[in-house]
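One structure below.
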Amino acid sequence: MRRVLFGFPRNSPESHSLVSNLEKLLKAEQGQWSRRSFPDGETYLRIETPVSGAQVIILANLLNPNGNFLDLCLMADALKDQGAKEVVLISPYLPYMRQDKVFNTGEALSSKSFAKGISAFFDRLITIDPHLHRIHDLNEIYSIPTQVLHATELIAQWISNHVKDPFIIGPDGESSQWARAIAGNHPWICLSKVRHGDHHVTIDWPPLETFADQAHGRTPVFVDDIISSGTTMMRGIEHLNTLRVPLNLAAPIAITIHPIFAGNSFDQIRALGTAQIISTNALPHLSNSIDVAGLIAANF
Ligand code: R5P
């Protein structure tokens, strides 16, 4: 079957390596489309590549979902109208996964609402390490088939190629799933975090004597699924810095699957003496060092 891949949104950096890498690996034609805004702000959108009978993939960068969601739905609908056999959404970063509970009466359960919208327009969804916390399976909120891929092996491989004696640190309870999988036989710990606000977290470390021997002389490697405001990573690294001399630690490395880096958080994390900040290209960012195209293609 003919396969056509559309990169989304139009203004996503052309340099987003994932689009071109995946096109090659999936032997997909590059889909052309255009959009503009009418004077009143509404979207005009046109699919320029014929898709009748084809399997169509939209590879979406949904870092800014609010401005893009409607365009995404219009595009999927237009593709169906033009006879696409299947319209698959590959969204390596899946947004709206963190408001997964009504904490205060009246709040929108945005994870569920976003999932309903996507499920109405797409035939299936493929994503990488979505933020599954209180929702344990995407099928709890998505009514289309979903496939969750994991970048942990790729990250473990990067660490084994680049870091001599790593000491893996998950900065909060949720990150323990990634930290454990990435650590393999290397020593690792998981910290405990309480979030008080978007930019305010407190992090508790286990007693020093419980990890001092394992960590001594190693390179601390923080791993987290998302770096967003950067607050979690910054608080973790700040405390780690107080342990560097007593434990003879190298400068830390920070690795994330989804590099959001809101505001100037990337520079702030770097300014803490972080040796390297590494990410996958699930979202385009200058820290991208780990390519997930092969992971997606192998599981498509
Ligand atoms: C949630 O707990 C995640 O695992 C990340 O730790 C979190 O999303 C990071 O957010 P921020 O960079 O805003 O602290």
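The values are calculated or read from the model by the stated rules, or taken from the named source; none is laboratory data. Because the structure is predicted, anything quoted here is derived from the model rather than measured. When we count neighbours, we look across all protein chains shown, and the Cβ atoms used for this are built from the backbone with ideal geometry, even at glycine. Heads up: the accessible areas ignore ligands, DNA and RNA and are worked out on the full protein's heavy atoms, side chains in. Shrake-Rupley method; radii C 1.70, N 1.55, O 1.52, S 1.80 Å.
With protein chains left intact and a 1.4 Å probe, residues in region 116-247 average 46 Å² of accessible area per residue. In straight-distance terms, cross-link reach from Lys80 covers every one of the aspartates and glutamates whose alpha-carbon lies under 13 Å from its own, apart from those fewer than eight places away in the same chain; here that gives Asp123. Computed on region 201-300, with alpha-carbon pairs under 8 angstrom and 6+ residues apart, the relative contact order is 25 percent.
Look at the alpha carbon pairs under 8 Å that are at least 6 residues apart: their mean separation over the length of the chain gives a relative contact order of 14 percent.
Placing pseudo-labels 7 Å out from each Cα toward the beta carbon at Arg134 and Thr202 gives an inter-label distance of 2.2 nm.
Ignoring any ligand, DNA or RNA, what whole percent of the accessible area of the chain comes from carbon and sulfur when the probe is 1.4 angstrom?
Heavy-atom surface of the chain belonging to carbon and sulfur, 1.4 Å probe: 49 percent.
With the Cα gyration tensor of region 87-207 giving a ≥ b ≥ c as the square roots of its eigenvalues, does the rule (a/c under 1.5 for rounded; else a/b larger than b/c for prolate; else oblate) give rounded, prolate or oblate? Taking the square roots of the gyration eigenvalues as a ≥ b ≥ c, region 87-207 is oblate. Could you list, in their original order, any pairs among Lys27/Lys85; Lys101/Lys193; Lys164/Lys193 whose Cα atoms are separated by more than 20 Å? Going by Cα-Cα distance, Lys164/Lys193 fall outside the 20 Å limit. Looking at the square roots a ≥ b ≥ c of the eigenvalues of the Cα gyration tensor of region 121-176, which shape do they give, rounded for a/c under 1.5, prolate if a/b is larger than b/c, or oblate? It comes out oblate by the Cα gyration axes. Every helix of 4 or more DSSP H residues in the chain counts as -39500 (n - 2.57), and over all residues that averages to -9000 deg cm²/dmol at 222 nm. Rounded, prolate or oblate: which one fits region 34-160, using the alpha carbon gyration tensor with axes a ≥ b ≥ c (rounded when a/c is under 1.5, else prolate when a/b beats b/c, else oblate)? Taking the square roots of the gyration eigenvalues as a ≥ b ≥ c, region 34-160 is oblate.
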